[in-house]
1. Ignoring ligands, DNA and RNA, how do 331, 184 rank by accessible area with a 1.4 Å probe, largest first?
2. Can you give me the relative contact order of the stretch 2-87 as a percent, contacts being Cα pairs under 8 Å and 6 or more apart?
3. Regarding the stretch 190-261, what's the average projected area of the Cα-atom convex hull, expressed in nm²?
4. Once neighbouring chains are kept in place and the probe is 1.4 Å, which whole percent of the accessible area of the stretch 107-337 is contributed by carbon and sulfur?
5. If you rank 32, 213, 158, 229 by how much accessible surface each has, with a 1.4 Å probe, what is the order from largest down?
6. Using a 1.4 Å probe on the protein heavy atoms, what percent of the accessible area of the stretch 2-87 belongs to carbon and sulfur?
7. Between 34, 123, 236, which gets the highest mean-square fluctuation from a Gaussian network model of the chain, Cα cutoff 10 Å?
8. Taking the mean number of other Cβ atoms within 10 Å as a proxy for protection, how do you rank 145-151, 216-222 from highest to lowest?
Amino acid sequence: MLAELESIKTEALAEIEGITDDTSLEAARVGYLGKKGKLTAASAGMRDVPKEQKKDVGQKLNEVRTAITGALDEKVATLTAARDAKRFDSVDPTLPSRPLPKGGLHPLTHVLDEAVGILRRMGFALAEGPEIETEWHCFDALNTPEDHPARNERDTFYFENGKLLRTHTSSVQIRTMEKLVPPVRIIAPGSAFRRDEIDATHLSAFHQLEGLYVDKGVTLADLKGALEYFFRELFGSKTEVRFRPHFFPFTEPSFEVDLKLHATGKAAKWIEIAGCGMVDPAVFTEVGGKRGDAAYDPSEISGFAFGMGIDRLAMIMYGIPDLRLLIENDVRFLEQFS
Ligand code: DAH
């Protein structure tokens, strides 16, 4: 029995050694270790081995099985390695890979990140509201009467249910005051929509950045200081800022803010960049009515608000002559900013 096992081992190892493909290797595994394999058949002979030899024969049987299994495993590894090596024959894996095209941020994202960064350092927290708004949040609560041109069907995208695509981010002022009590200091960047003809300075879907500060004793000096500081941080400390009296239904007094633009080779000129003002007490009263409390009692608190076009900011920051470039997704344009 011992001699028989030894000869199975010698035969098996020699056979496995000579194998060069998976199919023969599997055949050898079945031929020795399978249900009807040679080693399996030999181990059935254990029954007839005299008791005193059982231990030796058993040990031998294990030794042979381990040797064959080991040889089979080793062969699998050798065959796999040979196959991999062949695959790399025509490839040099040490060569650098082909460069992948790199993405970059859109110029509007750059400007917005900077603007939001400055305002957050000034203590403004981010707020948001829906792009599909109610007329009340977009107009009524902002003291904008029924006959105001902004509410006209020809200027605004209405839905059949009476809601609309917000014409400005000022609606977030109302959304915020419904939820929070003063002191409130928020900014709300987001999209706004108007039925404007698209041209070099107008888009029908554009971006605004709204700001609101409500507290005890907020004054026009706070508004002016905050916006001047903001624009100088964004465009440089020499930036000239001008406040021009204007009218907005939701602020009193109201102003438009101009920046002086020094384009190379051209005469410096003022360009309009934002609207702002002291929150009209009528807005506080309307919000108070909705809330049903005295948190926004206009005899106790005051506030300022501002709103600016982010697309316009990008035009100034990068000297972009035509707003339409921002939405055309032309890689030749966009890659200049990444
Ligand atoms: N909502 C105005 C617009 O879209 C901009 C604006 C003006 C916002 C004055 C304000 C503000 O918060 O106080 O033209």
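1. 331, 184
2. Taking the mean separation of contacting Cα pairs over the length of the stretch 2-87, I get 41 percent.
3. For the stretch 190-261, the mean projected area of the Cα convex hull comes to 6.5 nm².
4. About 51 percent, which is the carbon plus sulfur part of the accessible surface.
5. Descending accessible area places them as 229, 158, 213, 32.
6. 56
7. 34
8. 216-222, 145-151
The values are calculated or read from the model by the stated rules, or taken from the named source; none is laboratory data. These numbers were taken from a predicted model, which means no experiment stands behind them. Please note: Cβ atoms are built from the backbone with ideal geometry, for glycine as well, and neighbour counts cover all protein chains shown. Calculation scope for accessible area: heavy atoms of the full protein, side chains included, ligands and nucleic acids excluded. Shrake-Rupley method; radii C 1.70, N 1.55, O 1.52, S 1.80 Å.
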